[in-house]
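The values are calculated or read from the model by the stated rules, or taken from the named source; none is laboratory data. All of these numbers come straight from a predicted model, not from anything done at the bench. Here the Cβ is made from the backbone with ideal geometry for all residues, glycine too, and neighbour counts use every protein chain on show. Remember, those area values only see protein heavy atoms, side chains included, never the ligands or the DNA or RNA. Shrake-Rupley method; radii C 1.70, N 1.55, O 1.52, S 1.80 Å.
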Amino acid sequence: MVDYKYAFLWGVIGVVIGICAFTFNYYMVSVSLPGYKFLVAPAIFVLSFFSEETDFTPKMVLFLSGQFIGYLSVAYIYRKVSKLMLSAKRG
């Protein structure tokens, strides 16, 4: 599989993870999802640049965009580094 297709797939998976984690935390007020801040770290990072007074819809778009870009970037870098390590190992 081409690296960018692999990364795109992980970006979509990251968005799904973000939607599930957000939905769980939104509706389960008394319970916090273990590892929530780790799972949605890219989204939290992107939202940290914006005010808390931002409306819900733009904030959700930023949240999902951050998730996608974060997971896509990590997957792409992982794929490139693992290929470099494998080619260096073969020698």
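With the requirement that a residue be among the polar types (S, T, N, Q) and open to solvent by less than 40 Å² (accessible area, probe 1.4 Å), what does the stretch 55-68 give you?
Within the stretch 55-68, just Q67 meets the criteria.
Do you know which of the residues in the stretch 1-32 that are open to solvent by 70 Å² or more (accessible area, probe 1.4 Å) and of a type in the set (G, A, S) is modelled with the lowest pLDDT?
Only one residue tops the list, namely S30.
Matching residues to (1) over 30 Å from V81 (Cα atoms); (2) in a loop (DSSP other than H, G, I, E, B):
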| site | (1), (2) |
| --- | --- |
| Y4 | no, no |
| W10 | no, no |
| L33 | yes, yes |
| T54 | yes, yes |
| T57 | yes, no |
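Would you confirm, using the coordinates I've provided, whether A43 is within 17 Å of F8 (Cα to Cα), in contact (Cβ under 8 Å) with a residue 40 or more places away in the chain and either open to solvent by 40 Å² or more (accessible area, probe 1.4 Å) or part of a helix (DSSP H, G or I) (or both)?
No, not satisfied.
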